[in-house]
Amino acid sequence: MTGFQPAEKLRDHRPLLLALEAVGWLHMTGKASVYFLRSHGGLGNCNYTKWHEREEPPFPWEDLLKWTKNKFPLQNNPWPGALTDFLTKHRGRNAGLIGLLQAGHAMASGIEKQSFPSKTVEYLAQDAAHMWLSTAFGQPVRNLLADPPELLTEAGWKHLLGRIEGLLTELKSLGNQGSSNDLYGWWRWREDAVGTGPDGWLRKEFTGTLAETRLPNNDVTLFDQSYVAAALFKSAAAGAVLEGKSFPWENSSLKQQTRWRLLTIGMGTDHYEGRAVKIGDWTGARLVLDKFFNRVRKLVEVDLAVGALLYADGEVCVFSFPGERFDQSGDDLKINEWKNWLTEQIDSYTREAKLETPPYCSISKPSRSLVGMTAEIREAKETMAVPLHRNWKPPDGDFTDGHVCPVCLVRRNGEKKSNKQTPCRTCRDRRTGRLDAWLGGGLRGLKTDTIWISELADANDRVALVTMSLDIEPWLNGTRLDSLRAQSVVEWAAQNTTKKKPLAGNHGSLVDLVKTALDKGNKASQARSLIQKKIAPGLKDENKQDVPWDKFYELMVEDRAHAPQWDDLDDDGHARWLTHQLFRKLASPGRIYRFQRQAGDFFKGLLAEFREIAAADRNHWCKRRLVLKPGNGSSGQWKDRQTYNGRYGNAPISLLYRQETNDFLTICNLARFLKPEQGKDSLCGITLDLKTDDGEQARQLVVQQATDDAGALGVYHPVIPLELSPVRFRVLLPLEAVSDCVDRAAGAWSDQFARVWDRLPLRVGVVAFPRMTPFQAVIEVARNIEADLAANSNAPEIWRIAHSETREGVVDLRLECPDGQYELRTLPVKLPDGREDVFYPYLAMKDKKACFPLDFQHPDGDGKTYRHAKDLQIGDRVLVHPSLIATAFMDGTARRFEPLNSRQFGQWRRMRELWELIENNVPSRTALRGAWSELVERREAWRGPDLPAASAAQGGGAWLEGGKAAWLDLVRAVFHERLGVRSACLETLVQAAEDRLLDWTLEWNMGVLKKQVSGMPVRGRMQTGGDR
């Protein structure tokens, strides 16, 4: 017993709450049938809520769940007459448990905020020939009827029902046989179904089909909507259990009255990352942190069964949590006591994990949306930026003497000698814990990824840390959804206008209509009636009574947007905000969950591709490990699980000793000293002088035998994932593979986010470094790059349209950036069925004036106008959050103090193309380096000294009079005469020299990657394909 009675009460009701969560997962199972899609596509008539009745024999829903009703009768018997009512009545308005499910369902789908009159949106339906599932950002993914996933086949449906029956049978076994305290059993049951790993079978099945078929709501999958509805249902039921006898089960307005809170738990991981001396310190600490967050999840999702995970990254988890109803007074939920008790529980987890910093725990205010989640996350991270953000005593170490641990800076290492680099026992255990996890079959579930940086080092002994992020936070709080349309005013009016009741044909005219309706008199009544019938049925309540405008505004605007309150606006402001919200895609909880899930899936997909790219080498030894058996002549005693380093030929070699089998496992890139045609036997008989990482006296190893029987560890992918979350992706790669990986990321981003490229920028940072560079220095540079990229892309830039052309459903744009460079962008403006996409491809304009029918103006003080991509004209100025890239090469640790230079991401492609041109047209690396060194010397001499730092990033100060033109003439002459470059190639190089792109190209490819060039003969010596 914990002594905290509310927690014990929830534990007593754990089987009930988890059973209700399962009901939430499955209440829309009928939508997973192909007949649901066919029916909505015009082929037949299928009621998805009665799927259980159509089965032969009928699905045993009642039999599998009636134990919950018998075991937990609850106060005032809130159970429905038939348990199948959970399937058939979740869209209605009822009292009891059905009412709480209806509340969660309505919230997750957003229908209580944006339920249009059905006949007015019939034109948005997809037909059976084009039943598309799209991404959260409008990119069509799959035609579900023309190319159905296995789920939408007859066999797939039967398989799904079999698994659902198994899920409910196991649930019944856990809940009906006195095993409510079997926490492991409950956790495994839940994780098998909806866990975030590869074993979440229901997650996998339901993400393959739609929750809604109508455009543009085909962006939310069945899983997104079902999972979030289940989370809200579970938390609402937990709140009812906590209220006990005072809960109004008989209230038929639970659907409208229920609210929720958010529980935010965090741990400041920056401290552990920043203090890591070696990469193993961070990956080992990450394992401990992952276990900590797993314990938190078990506590909230299973032990207490009070909520479900809605968001997670490397630092923060956010769960659903009970909240007070609108009509509720008093402190029945005891929120402050809950916060204190949860803090105590999580503090104990922290101390047991021997973490040095305190956790963060917060419970938000009650709400009927998730738009406040981002603010909760931001507050948590800002608080945890200070490692000791509250009163906290770090756990004591095992020693009271010795030096302070160089990793944690908290505990002592017990070393009485002068070795200050020895970590304390806790930090040492983290390192070995990482090794244990790897030897046990995989680290963090990535069974083929290496943990050894020595296996990443390329032929030049260099590695790279790549960090990527999508600016996803403004999508999670709903602000970037301002540019997305649920309907176009133009199309809505064209489809629904009549001679007797003509509708406003553009956004501005509709604002005027709403403003008229806000007034009084006959004209206002007519306008209100028209709006209610054509776009806003919520203007009448369930009793057909008029809803006051201020209440409707609170529902439509204040609860789903960062908007002023009703009393702070005049009628013009009211009309603008209401019109905007009526036609805007709303930030429903299901959609918000889909946004963060899609961002995470984007990075997961990149990681899978990076593995293939990094392992693609003609020398297969770059991804193989060998087992070396010591022979006679080997000296000294070897320590179990100790790494030993030496050299073989001109390359470093690293080995791991395993005492159990008395052998060494190679943990280095074998391709550095074994050619593709060489076999493992070439290592037999060699002698190696080895030292430990601590530099102990060298020992000699004579290799008697080399075998490839390393089992599951015999083959690996040369990548080390450091972080993968919706907000950030960090990975270590061989430097030679980085360029191809960045190319692939650029392509994937362009493909998946083409419709929102201006509002969802990709930020890429690359830190290249020699293998032996201290990890602390590397991570410091990575953090600096991330902060610089975020600072430079948070505020929008003004880009000018230099060219716009629409053809075959695509808009080709050429845009001039603030730095004078040009970017090319392609925006799809047609849907697969041939209709115009009037939902996604809008750009914010610098000019606020509306000029085209599809233009619409945001109602806030800034009042920016959004314009459809097809209406963009030459000279238009658009607001763009730029995608950026920054690269850094750490040839020394002092480099981390040098200023950074971020570039438009499009310049990466230009740089890659420029290097390809150089490779094919320049005679030699030596000639190129000599010519360019002379030109750089002239450039520095012809520019003024002592300039501001802002100018330094551009290569110095202002040109001396006539200096720039003279220098460019010199560039042209030197490239022509000394490198033999001609015609268009010559002009391209001169332009690149002027834009400073040539500096970056040569620095990256020759200085960092150490690439060679191979030109062709010209004029009897080298040929470039130019003039002869």
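The values are calculated or read from the model by the stated rules, or taken from the named source; none is laboratory data. Remember, predicted model here, so these are calculated numbers, not experimental data. Every residue, glycine among them, receives a Cβ derived from its backbone with ideal geometry; neighbour counts consider all protein chains shown.
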Checked pairs for the stretch 199-215, first among the basic types (Lys, Arg), second surrounded by fewer than 22 Cβ atoms within 10 Å (Cβ to Cβ) and assigned to a loop (DSSP other than H, G, I, E, B), C-beta under 7 Å and 6 or more apart or across chains, list as Arg214/Ala125
Can you find, within the stretch 778-792, the residue that is nearest to Arg896 (Cα to Cα) among those that are surrounded by fewer than 18 Cβ atoms within 10 Å (Cβ to Cβ) and small (Gly, Ala, Ser)? Ala787
Suppose the filter is farther than 28 Å from Glu797 by Cβ and either in contact with an Asp or Glu (Cβ under 7 Å, 6 or more places away or on another chain) or not aliphatic (A, V, I, L, M) (or both); does Glu913 pass it? no
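Can you list the strands (runs of 3 or more DSSP E) found entirely within the stretch 615-696 that contain at least 1 residues being polar (S, T, N, Q), free of Cβ contacts under 8 Å to residues at least 60 places away in the same chain and surrounded by 18 or more Cβ atoms within 10 Å (Cβ to Cβ)?
Values: elements: 627-630, 643-648, 651-658, 663-666, 687-692.
Here the list reads 643-648, 663-666.
Within the stretch 351-385, how many residues are among the hydroxyl-bearing types (Ser, Thr, Tyr) and either within 22 Å of Ser725 (Cα to Cα) or over 26 Å from the mean Cα position of the chain (by Cα) (or both)?
Taking the stretch 351-385 as the starting set, the residues that turn out to be among the hydroxyl-bearing types (Ser, Thr, Tyr) are 357, 360, 362, 364, 367, 369, 374, 383.
With either within 22 Å of Ser725 (Cα to Cα) or over 26 Å from the mean Cα position of the chain (by Cα) (or both) added as a condition, the list becomes 357, 360, 362, 374, 383.
The qualifying residues number 5.
Identify, please: which residue in the stretch 183-208 is in a loop (DSSP other than H, G, I, E, B) and loosely packed, with under 15 Cβ neighbours inside 10 Å and is, among those, modelled with the highest pLDDT? Give the steps one after another, and end with the answer.
Just the residues of the stretch 183-208 that are in a loop (DSSP other than H, G, I, E, B), to begin with: 195-200, 207-208.
Going one step further and asking which of them are loosely packed, with under 15 Cβ neighbours inside 10 Å, we end up with 196-199.
Working: Thr196: 78, Gly197: 70, Pro198: 66, Asp199: 73.
Of everything passing the filter in the stretch 183-208, Thr196 is modelled with the highest pLDDT.
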Under 9 Å by Cβ, and 6 or more places apart or on different chains, what pairs join a residue from the stretch 244-259 that is on the phi < 0 side of the Ramachandran plot and in a loop (DSSP other than H, G, I, E, B) with one that is of a type in the set (Val, Ile, Thr) and buried (at least 19 other Cβ atoms within 10 Å of the Cβ)? Phe247/Val241
Quick one: in the stretch 462-500, which of the residues that are assigned to a loop (DSSP other than H, G, I, E, B) and free of Cβ contacts under 8 Å to residues at least 12 places away in the same chain is surrounded by the most Cβ atoms within 10 Å (Cβ to Cβ)? Thr497
Of all the residues that make up the stretch 866-890, how many are buried (at least 22 other Cβ atoms within 10 Å of the Cβ) and of a type in the set (S, T, N, Q)? 2
For the stretch 18-27, state whether one or more residues are surrounded by fewer than 19 Cβ atoms within 10 Å (Cβ to Cβ), in the same structural domain as Glu122 (by TED's automatic domain parsing) and out of contact with any His (no Cβ under 6 Å at 6 or more places or on another chain). no
Those residues that are under 14 Å from Asp572 (Cβ atoms), in contact (Cβ under 8 Å) with a residue 40 or more places away in the chain and out of contact with any strand residue (DSSP E or B) (no Cβ under 8 Å at 6 or more places or on another chain), I need them from the stretch 501-516; list them, please. Leu510, Val511, Asp512, Val514, Lys515
From the list Asp331, Asp313, Asp281, Asp347, exactly one residue is without any contact (Cβ under 8 Å) to a residue 40 or more places away in the chain and touching a Pro at 6+ places or on another chain (Cβ under 8 Å). Which is it? Asp347
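For the stretch 263-382, which helices (runs of 4 or more DSSP H) that fit wholly inside it have 1 or more residues that are under 23 Å from Leu16 (Cα atoms) and in contact with a Ser or Thr (Cβ under 9 Å, 6 or more places away or on another chain)?
Details: elements: 270-274, 279-297, 335-352.
It comes to 335-352.
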For the stretch 265-298, give me the residue count where each residue is farther than 24 Å from Ile451 by Cα and surrounded by fewer than 20 Cβ atoms within 10 Å (Cβ to Cβ). 2
